[in-house]
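Data first, discussion second: the structure below is written as structure tokens.
The values are calculated or read from the model by the stated rules, or taken from the named source; none is laboratory data. Remember, it's a predicted structure, so these values are computed and weren't measured experimentally. Cβ sites come from the backbone with ideal geometry, for glycine too, and all protein chains shown count toward neighbours.
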Amino acid sequence: MQRLLIGIDRVSAWAGKTAGWAIVALTAVICYEVFARYMFRAPTSWAYDTSYMLYGLLFMVAGAYTLSRGGHVRADFLYRSLSPRGQAMIDLPLYLLFFIPGTAALIWFGWDFFYISFLQNEHSSVTPDGPLIWPFKFLIPLSGALMLLQGLAEIVRCVIALRTGHWPDKLADVEEMETQVLALAAAQKAAAAAADHAAREAAR
């Protein structure tokens, strides 16, 4: 089971990191548009469509990756002080009551939204000769499916935490700055205590 959970984490990580390259492309598009507009008085007809599609790609597809790392916004000032079992008792009903129905609706209605656009061979109406829009709309059910897959993995983790009292391991490739700061502070405190103890021993 643990291998399966880590495998789902890897899928979410791959999707999120791949979508993250949209930031580089988005920066390049905006910089080019600003340069062309103000230096050559020749604004492009494609920068607007490209920029919102790239931003949408990043925002939607990276959602599962963010969920796998516990990065979504939450009011956790009390949640952090709870035991793993207490945290799981909060998370599990919220996943079942809100997350699963929400992502299922996103997939269901998102697919219809995409499929109608595909049948119409829809192009963007924002700019002349706008690009195809249905591949962009396909990101809606795709991101919903990725979120649902990761959400199921988190539900399984909640069940394991309720049974064992410990959260199972996750794929960890990034670490919160707060965690790093606390670890550094603890290490410095331990080093200072050891130095103080050594000085006292030497003074005897």
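Structural remarks
- Only one of L78, L94 that is surrounded by fewer than 18 Cβ atoms within 10 Å (Cβ to Cβ) and within 19 Å of the chain's Cα centre (by Cα): L94
- Remark: pairs (first residue in the range 36-47, in the same structural domain as P128 (by TED's automatic domain parsing) and loosely packed, with under 14 Cβ neighbours inside 10 Å; second residue not in a loop (DSSP other than H, G, I, E, B) and not charged (D, E, K, R); Cβ separation under 7 Å; 6+ apart in sequence or on different chains) = A42/A36; P43/A36.
- Those helices (runs of 4 or more DSSP H) of the range 1-101 in which 1 or more residues are aromatic (F, W, Y) occupy 2-39, 47-61, 63-68.
- Inclusion of A15 among residues that are buried (at least 17 other Cβ atoms within 10 Å of the Cβ) and either farther than 18 Å from S143 by Cα or not aliphatic (A, V, I, L, M) (or both) is not warranted.
- Pick from the range 108-140, criterion part of a loop (DSSP other than H, G, I, E, B) and touching a Leu at 6+ places or on another chain (Cβ under 9 Å), ranking: surrounded by the fewest Cβ atoms within 10 Å (Cβ to Cβ): N121
- Residues in the range 7-33 that are touching a helix residue (DSSP H, G or I) at 6+ places or on another chain (Cβ under 9 Å) and aliphatic (A, V, I, L, M): I8, V11, A13, A15, A19, A22, I23, A25, L26, V29, I30.
- For G71, the conditions (1) in contact (Cβ under 8 Å) with a residue 12 or more places away in the chain; (2) under 16 Å from K170 (Cα atoms); (3) surrounded by 12 or more Cβ atoms within 10 Å (Cβ to Cβ) are fulfilled apart from (1).
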